[in-house]
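The values are calculated or read from the model by the stated rules, or taken from the named source; none is laboratory data. Remember, predicted model here, so these are calculated numbers, not experimental data. Reconstructed Cβ throughout: ideal geometry from the backbone, glycine too, with neighbour counts over all protein chains shown.
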């Protein structure tokens, strides 16, 4: 493994453990040349799943694209990168379990929105507005209405529970 810092291929593994999702091994390494430390993840190589894009073209599945979308949606929100990594792993697991060779971007987008709806409402709205490509304010309001209703119900339950 080449060091990220000095680019020399001379390191030792300091620590190895299974990741939280159980699908990879997390290794902490130390470069024997510059002494800096870095983390790598080892995953089982599976037969690649192809993603069918909206225009019909096909590309290889890339979990980093999901993580990138989540990071953008959760920017300046109180959501840790570890939580987002876990969500990406869960989505990736569903994709490999449910689809054999190909998956449409719409299926991936729906999985992301399911997780964001529970995790952070603002991040959900951000992602949905880009993913659903709203053409006008009415489409946006139609997406927000169920979200607002569920939030009001949760607040009402808290008020009645606390006796106020």
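Hey, any hits in the stretch 55-62 for a residue that's part of a helix (DSSP H, G or I), surrounded by 12 or more Cβ atoms within 10 Å (Cβ to Cβ), under 16 Å from the mean Cα position of the chain (by Cα) and touching a residue at least 40 places away in the same chain (Cβ under 8 Å)?
Taking every residue of the stretch 55-62 in turn, none turns out to be part of a helix (DSSP H, G or I), surrounded by 12 or more Cβ atoms within 10 Å (Cβ to Cβ), under 16 Å from the mean Cα position of the chain (by Cα) and touching a residue at least 40 places away in the same chain (Cβ under 8 Å).
With respect to the numbered conditions (1) surrounded by 13 or more Cβ atoms within 10 Å (Cβ to Cβ); (2) in the same structural domain as residue 82 (by TED's automatic domain parsing), which one is the sole condition not fulfilled by residue 147?
If we test residue 147 against (1) surrounded by 13 or more Cβ atoms within 10 Å (Cβ to Cβ); (2) in the same structural domain as residue 82 (by TED's automatic domain parsing), just (2) comes out false.
Given the condition touching a helix residue (DSSP H, G or I) at 6+ places or on another chain (Cβ under 6 Å), touching a residue at least 12 places away in the same chain (Cβ under 8 Å), outside any loop (DSSP other than H, G, I, E, B) and more than 17 Å from residue 131 (Cα to Cα), answer yes or no: does some residue in the stretch 97-120 qualify?
no
Determine, yes or no, whether residue 5 is part of a loop (DSSP other than H, G, I, E, B), touching a residue at least 12 places away in the same chain (Cβ under 8 Å) and farther than 23 Å from residue 118 by Cα.
yes
So which residues in the stretch 14-41 are exposed (fewer than 12 other Cβ atoms within 10 Å of the Cβ) and in a strand (DSSP E or B), if there are any at all?
14, 15, 17, 18, 39, 41
Being more than 12 Å from the chain's Cα centre (by Cα) and assigned by TED's automatic domain parsing to the domain that holds residue 112: is that true of residue 37 here?
Considered against the rule, which asks whether it is more than 12 Å from the chain's Cα centre (by Cα) and assigned by TED's automatic domain parsing to the domain that holds residue 112, residue 37 comes out as no.
Within the stretch 43-54, track down each residue that is in a loop (DSSP other than H, G, I, E, B) and either loosely packed, with under 14 Cβ neighbours inside 10 Å or modelled with pLDDT of 95 or more (or both).
Within the stretch 43-54, 44, 45, 46, 47, 48, 53, 54 qualify.
Only one of these is over 15 Å from the mean Cα position of the chain (by Cα) and either more than 26 Å from residue 47 (Cβ to Cβ) or at pLDDT 90 or above (or both): 125, 118, 94, 112. Name it.
125
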